[in-house]
Amino acid sequence: MKKIIINTKYKSEVIDITKLIKEEVIKSGIKEGIINIFCAHSTAGLVVFENSDASLKRDLLGMLEEIVPNKNYVHSNAKAHLKASFLKSDITLIVDNANIVLGKWQGIYLVEFEGPRERKIYIKVVGD
């Protein structure tokens, strides 16, 4: 298993981690198998998302802002936890010929809701 650290810069942001994840597949030496990517935080999440239009990142954050509006929640940072609950804490993808199988317009993203923070992403590649 490998751990990578992502230092987020803003309260909320969408960070493309595709290149980092692909590098870990290459380092693993696995040609055929699967990769599991796990975000060990409850105020951030992972998503496979559109990679060709940066404005969609703002749209994603805006949509989650509408779903989880400002209000007096009981828990002090409930808003960040609630937003993260709409995403995944882990993603499993296929590895084929030492490449992650993604669609032409897909990338792997860390989505931050309580930054800036140091975020730990754990990666496990298994196969042949």
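We did not get these values from a lab; they are worked out from the coordinates using the rules stated. Since the model is a prediction, treat every value here as computed from it, not as a measurement. Here the Cβ positions follow ideal geometry from the backbone for every residue, glycine too, while neighbour counts run over all protein chains shown.
Using a Förster radius of 41 Å, what is the FRET efficiency between Ser52 and Ser76 based on their Cβ-Cβ separation? Nearest 0.05, please.
Working from the Cβ atoms, E equals 0.65.
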Report, ordered by chain and residue number, the lysines lying within cross-link reach of Lys31, taken as a straight Cα distance under 21 Å and ignoring same-chain residues fewer than 8 apart. Lys2, Lys3, Lys19, Lys22, Lys104, Lys124
Evaluate the charge dipole of segment 48-128 about its Cα centre and quote only its size in Debye, nearest 20, assuming +1 on the Cβ of each Lys and Arg and -1 on the Cβ of each Asp and Glu. 280 debye
Could you tell me the convex hull volume per residue, in Å³, taken over the Cα atoms of segment 1-78? 134 Å³
Whole-Hz ³J(HN,Hα) for each residue in segment 98-114, computed from phi via Karplus 6.51 cos²θ - 1.76 cosθ + 1.60 with θ = phi - 60°, x for glycine and proline: what do you get? 6, 10, 6, 7, 9, x, 3, 10, 10, x, 10, 10, 8, 10, 9, 10, 8
Identify all lysines with a Cα-Cα distance to Lys71 below 19 Å; exclude those on the same chain that are fewer than 8 residues away in sequence. Lys11, Lys79, Lys83
I need the shape label for segment 37-128. Rule: rounded when a/c is under 1.5, else prolate if a/b > b/c, else oblate, with a, b, c from the alpha carbon gyration tensor. oblate
